[in-house]
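Below you'll find the structure, written out as structure tokens, and then a few comments.
Every number here is computed from the coordinates shown, using simple stated rules; none is lab data. Since we're looking at a predicted model, the values are computed, not measured. Cβ placement follows ideal geometry from the backbone for every residue including glycine, while neighbour counts extend to all protein chains displayed.
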Amino acid sequence: MSFMSRILELESFDFDGHFQEVTSADVENSLRKDELREQDLFNLLSKTAQDYLEPMARKAQKLTRQHFGNIISLYAPLYISDYCSNACVYCGFNCGVQFPRTKLTIEEIEREAAAIAATGMRHILILTGEAPAQTPISYLEEAVTVMKKYFSSIALEIFPMDEEEYRVLCKAGADSLTVYQETYDREVYKEMHPRGRKADYEYRLLTPERGARAGFRALNIGALFGLGEPRKEACLAALHAHYLEQEFPDVEISLSLPRMTKAKGIIEPKNILSDIDFVQFMLAWRLFMPRLGITISTRESAEFRDRLVHLGATRFSSGSKTGVGEYSLKNHHDATVQFEVTDDRSVDEVADMIRQSGYQPVFKDWELV
Ligand code: SF4
């Protein structure tokens with residue numbers, strides 16, 4: 001049984017109605033438990049639970065310290081190609097947006113890698129659009145091989161692949177896979193992904209499972225908040241993470257809460273996720289899954305990220321550039337970006353903030369041997 005069966009089971013479920021029925025007593029009851037079940041997740045994600053953010057935060061902080069210690073891991077994203085054959089209506093790299101597309105050569109990737117590594121960063125996330133003709137597996141394999149010279153952990157946020165293809169990239173040295181479902185609502189998914197390979201909801205949904213079987217040691221998943229109804233998305237993302245944790249106990253599972261931000265040629269978000277909902281979702285996830293990694297990107301503002309350090313976050317991107325070639329290549333200074341970075345502090349500044357908050361910034365906590 002895959003997570004697709006669970007999605008189909010939940011398709012007729014009235015999420016809204018269910019959230020509305022949650023009472024204060026339900027929330028208090030869930031907060032008292034040591035081990036939470038699905039119903040508790042619902043309770044803690046309901047509007048009613050917003051009156052309990054303080055006790056939720058205290059418990060989340062304690063659980064995070066207990067399972068992760070006093071650390072926040074850092075990573076940097078590196079966009080190596082903005083070619084894309086998909087038409088996701090919320091993305092600046094959408095094939096319908098006209099701009100000169102770029103793909104880095106292997107030499108350019110090495111220059112970018114060196115520039116990022118010079119900041120002290122040892123965990124990298126490689127990103128591409130979905131254009132297998134421009135960025136075939138052989139190119140990605142070479143990119144990973146070059147990255148191994150500079151980084152101890154290489155994560156991929158590329159287009160979904162078959163298990164065998166992932167095996168090739170794991171063998172080259174990639175250890176972690178990020179793939180967002182974007183929206184778990186199949187109707188909204190269809191609207192947002194009108195054509196291209198990404199129109200296949202099920203193939204995307206089952207990507208983390210293929211990745212785990214291929215040998216990735218860590219998976220990062222989530223929804224892009226702004227597309228579907230946020231409470232339902234938060235619930236399904238957590239159920240997906242929980243399913244993966246149960247099925248693949250040796251794999252590190254993380255969730256992210258990317259919120260749609262501005263980029264050239266994209267739609268406005270339909271369902272804005274407020275800061276308070278963002279915090280509540282993070283806390284509910286932490287209480288439901290104490291060992292869950294929670295990743296926070298530079299889409300969020302510096303002030304907001306500073307507060308999230310204490311609320312269950314375990315991983316921050318920093319010093320991020322979201323256009324191809326932006327770290328070191330002078331001729332790419334006008335790069336079109338996938339989304340706008342809001343926290344534009346340097347790696348050193350983010351690391352200082354983490355230290356001042358009483359946590360330790362970690363640049364390296366993994367090495368493939
Ligand atoms: S979200 Fe990814 S697949 Fe969709 S248009 Fe953007 S780069 Fe392409």
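See the values below:
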item: Additional length obtainable on full extension of the chain from Met1 to Glu35, 0.36 nm per residue less Cα span; result: 9.8 nm
item: At most 16 other Cβ within 10 Å, DSSP loop - trypsin sites (Lys or Arg not before Pro), region 17-54; result: Lys33, Arg37
item: Inter-site label distance for Asp348 and Tyr203 at 7 Å from Cα along Cβ, in nm; result: 4.6 nm
item: Packing rank of 134-147, 287-300, where each peptide gets the mean count of other beta carbons within 10 Å, highest leading; result: 287-300, 134-147
item: Listed pairs Lys59/Lys149; Lys33/Lys364; Lys190/Lys321; Lys62/Lys148; Lys47/Lys190; Lys33/Lys232 exceeding 32 Å between Cα atoms; result: Lys59/Lys149; Lys33/Lys364; Lys62/Lys148
item: Neighbour-limited loop hits for GluC sites (Glu not before Pro), region 24-77 (at most 16 other Cβ within 10 Å; DSSP other than H, G, I, E, B); result: Glu35
item: Acute angle (nearest 10 degrees) that the helix 137-147 long axis makes with the longest principal axis of the chain, alpha-carbon atoms; result: 90 degrees
item: Mean Cα-pair separation over length for region 114-205, i.e. relative contact order, pairs under 8 Å, 6 or more apart, %; result: 27 percent
item: Beta bridges per DSSP with both ends in the chain, % antiparallel, nearest 5; result: 5 percent
item: Glu367 paired with Glu303, simple spin-label distance in nm, labels 7 Å along Cα-to-beta-carbon; result: 4.2 nm
item: Residues Glu54 and Gln20, FRET efficiency given R0 of 35 Å [Cβ-Cβ distance, rounded to 0.05]; result: 0.95
item: Aspartates and glutamates with Cα under 18 Å of Lys103, excluding same-chain neighbours fewer than 8 positions away; result: Asp82, Glu112, Glu130, Glu141, Glu142, Glu157, Glu326, Asp334
item: Peptide ranges 221-230, 355-364 listed from the most packed, as the mean C-beta count within 10 angstrom indicates; result: 221-230, 355-364
item: Protection-proxy order for peptides 8-16, 148-156, 122-130, 60-68, each taking the mean of Cβ atoms within 10 Å per residue, highest first; result: 122-130, 148-156, 60-68, 8-16
item: Value of relative contact order over the chain, rounded to a whole percent, pairs C-alpha under 8 Å and six or more apart; result: 23 percent
